[in-house]
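The values are calculated or read from the model by the stated rules, or taken from the named source; none is laboratory data. Given the structure is predicted, the values throughout are model-derived calculations rather than measurements. For neighbour counting, all protein chains shown are included, and Cβ atoms are generated from backbone atoms with ideal geometry for every residue, glycine included.
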Amino acid sequence: METKLTDQSSDQSPSEEQPSNNDYRITIFRPLSALPLFDYPLRRLFTEILSVEQFLLAYCCALMETQILINSSSYYKLMLVSESLTTLLNPFKWQHVYVPILPTKLGIHLIISF
């Protein structure tokens, strides 16, 4: 990805672009094959917690930016599912509110936001 930045302090209009010494070029290289760090075993996710179909449904909802509520009595399972969803969205990023663990007393706010 290349981005060209121009110094905006000059008095020229945008239609009168001329090359100058104030132009900068920034090149960012990031391999698309590199996944972010993930400390949970995905094998356990698909063998003990969710079926592949259930995970794909949640993954499609995340790609469509749908509100997702994951409920579990086990913090480990809750974090495994939620962190695997956000990690496997790579190269995309979740842009909305992400609260992995919400105290029971704040549950009323979930009803209001939906």
Among (1) modelled with pLDDT of 80 or more; (2) part of a helix (DSSP H, G or I), Ile111 falls short only on (1)
Give the residues of segment 39-61 that are assigned to a loop (DSSP other than H, G, I, E, B) and touching a helix residue (DSSP H, G or I) at 6+ places or on another chain (Cβ under 7 Å), sorted by residue number.
Tyr40, Leu50
From (1) assigned to a helix (DSSP H, G or I); (2) surrounded by 10 or more Cβ atoms within 10 Å (Cβ to Cβ); (3) at pLDDT 75 or above; (4) not acidic (Asp, Glu), pick out the condition that doesn't hold for Lys105.
(2)
What residue, of Ser51, Ser72, is without any contact (Cβ under 8 Å) to a residue 60 or more places away in the chain, polar (S, T, N, Q) and surrounded by 11 or more Cβ atoms within 10 Å (Cβ to Cβ)?
Ser72
